[in-house]
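The structure appears right after this line, and notes come after that.
Readers should treat all values here as calculations from the given coordinates under stated rules, not as data from a laboratory. All values reported here derive from a predicted model rather than from experimental measurement. For neighbour counting, all protein chains shown are included, and Cβ atoms are generated from backbone atoms with ideal geometry for every residue, glycine included.
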Amino acid sequence: MSTQTISGPALGQKAVAGDRRSLSRLLSFILLGTLGLTMLLSLGWGAADQTDVLAALTGTGSVRDQIIVWDIRMPRMLTGVLVGAALAVSGAVMQGLFRNPLADPGLVGVSAGAGFGAVAAIVLGGYLPVAVIALVGHYLVPFAAFFGSWATTLLLYGIATRGGRTSVATMLLAGIALGALTGALTGLIVYYATDDQLRDLTFWGMGSVAGASWAKFTASAPLIILTLIAAPFLARALNALALGEAAASHLGIDVQKMKRIAILTVAGSVGASVAVTGGIGFVGIVVPHLLRLVQGPDHRGLLVNAALLGAMTLLLADAISRSVIAPAELPIGIVTAALGGPFFLWILLKNRNLVEM
């Protein structure tokens with residue numbers, strides 16, 4: 001009798017876990033197919049109507065269509081895919097690291113740190129020695145943004161951690177303070193920008209993939225792809241960390257090493273993304289939370305699906321930004337903020353106990 005009592009719930013829990021894994025895999029296939037369709041639609045969406053995308057992709061289209069698709073829309077679409085995936089995965093990693101659904105690179109000042117590094121490279125890069133500029137080339141801005149986000153993340157983690165325990169409330173408040181500080185430093189640098197630089201920085205600060213090019217894509221893509229490949233290897237450790245740091249240590253997880261790898265992963269993703277598109281908010285908080293509602297908190301499927309849904313979300317937001325005031329374009333950061341802001345407020349109200357002092 002007692003054996004039945006024990007084995008029944010155990011089998012039930014195993015079945016539920018299996019169902020969630022199956023649901024996660026099914027969702028991956030659905031998202032992958034939908035993302036492929038969205039990518040094709042993105043290549044066909046733009047100010048130039050009557051563009052034969054399939055003919056241009058196969059090399060049988062007109063010279064005009066091939067230039068539009070390959071030189072203008074393709075780098076824009078691929079940039080949107082990588083940046084959307086990077087922001088969503090970074091949000092999922094940070095939420096797992098801090099065990100809080102409100103954690104996000106933009107909300108805790110990491111994006112601001114990356115922006116400071118990128119702005120410093122854009123405005124002050126001309127003062128570097130010619131040999132350094134020639135050596136670094138197009139990689140100057142992504143590397144500067146990476147080091148800015150990396151330094152901000154390490155500083156934030158150091159402030160929020162005491163005695164091996166990380167305070168979520170301290171993390172959020174310190175993130176606001178660091179975001180304000182880096183914002184002030186960014187404004188100081190912008191003060192010395194030329195008129196041309198100032199115009200570019202104003203539009204860049206709102207977030208956009210309109211300025212994407214093959215040069216910018218190839219400069220940022222290696223770092224983003226590397227971090228996207230590294231992120232799924234954190235899944236087991238993030239699952240264990242959900243039980244608490246002590247429990248994770250007992251399960252054989254090197255918690256401190258995992259935290260350092262997670263911090264570098266987030267810093268790399270956010271830094272390279274901000275460098276190429278500017279500040280795009282709320283993707284990192286909305287996408288992982290939506291997936292948790294559907295498939296549960298298991299990071300083994302969450303991180304992969306976050307990359308797929310984040311890429312698709314940014315492509316759809318880009319399509320909206322090109323449609324609202326066509327033929328002009330809205331900065332994509334305005335679209336994501338308008339859609340993600342109310343969703344964040346809903347999450348905040350739903351999880352008030354997580355931010356109470």
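Computed quantities for the displayed model
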item: Computed FRET value (nearest 0.05) for ALA338 with THR161, which takes r as the C-beta separation and R₀ as 35 Å; result: 0.55
item: Top positive-direction residue, dipole computed over the chain with Cβ charges, set GLN256, GLY117, THR194; result: GLN256
item: For ASP65, ASP200, ASP71, order by how many other beta-carbon atoms lie within 10 Å, fewest first; result: ASP71, ASP200, ASP65
item: Phi-based couplings in Hz for segment 240-251 (Karplus 6.51, -1.76, 1.60; Gly and Pro marked x); result: 5, 5, 4, 7, x, 5, 5, 5, 5, 5, 5, 7
item: Correct option for Rg/Rh (Cα atoms, Kirkwood Rh) [calculated from the coordinates] among [x] 1.01; [y] 0.98; [z] 0.94; result: [x]
item: Helix 2-44 vs. the chain, principal-axis angle (Cα, 0 to 90°, nearest 10); result: 10 degrees
item: Extended-chain gain in nm, criterion 0.36 nm per residue less alpha-carbon gap, LEU173 and ALA210; result: 10.0 nm
item: Helix 74-98 vs. the chain, principal-axis angle (Cα, 0 to 90°, nearest 10); result: 30 degrees
item: Rg and Dmax of segment 40-88, Cα atoms only, in Å; result: 11.5, 37
item: Tensor-based shape of segment 41-194 (alpha-carbon gyration tensor, a/c under 1.5 rounded, otherwise prolate or oblate); result: oblate
item: Rounded tilt (10° steps) of 195-205 against the dominant C-alpha axis of the chain; result: 30 degrees
item: Sequence of ARG199, ARG322, ARG20 once ranked by neighbouring C-beta atoms within 10 Å, starting from the fewest; result: ARG199, ARG20, ARG322
item: Choice from VAL110, VAL266, VAL63 showing the highest fluctuation, given a GNM over the chain with Cα pairs closer than 10 Å; result: VAL63
item: Structure-based [θ]222 nm, the chain - -39500 (n - 2.57) summed over DSSP H runs of at least 4, per residue, nearest 500; result: -25000 deg cm²/dmol
item: Vicinal HN-Hα couplings computed from phi for segment 53-65 (Karplus, 6.51 cos²θ - 1.76 cosθ + 1.60; Hz; Gly/Pro x); result: 5, 4, 5, 5, 5, 8, x, 9, x, 5, 4, 4, 5
item: Dimensionless Rg ratio for segment 197-336, taking C-alpha atoms and the 2.2 N^0.38 Å reference; result: 1.21
item: Listed residues ALA112, ALA210, ALA246, most fluctuating in the chain (Gaussian network, C-alpha, under 10 Å); result: ALA246
item: Alpha-carbon centroids, segment 115-143 and segment 169-214: separation in whole Å; result: 16 Å
item: Extension gain (nm, one decimal) between ILE325 and VAL63, 0.36 nm per residue minus Cα-Cα; result: 91.5 nm
item: Extension reserve of the ARG21-ALA180 stretch, reckoned as 0.36 nm per residue once the Cα distance is removed; result: 53.1 nm
item: Förster radius 51 Å - calculated FRET efficiency between PHE29 and THR194 (Cβ-Cβ, nearest 0.05); result: 0.55
item: Given charges at beta-carbon only (K, R positive; D, E negative), |dipole| of the chain in Debye; result: 1120 debye
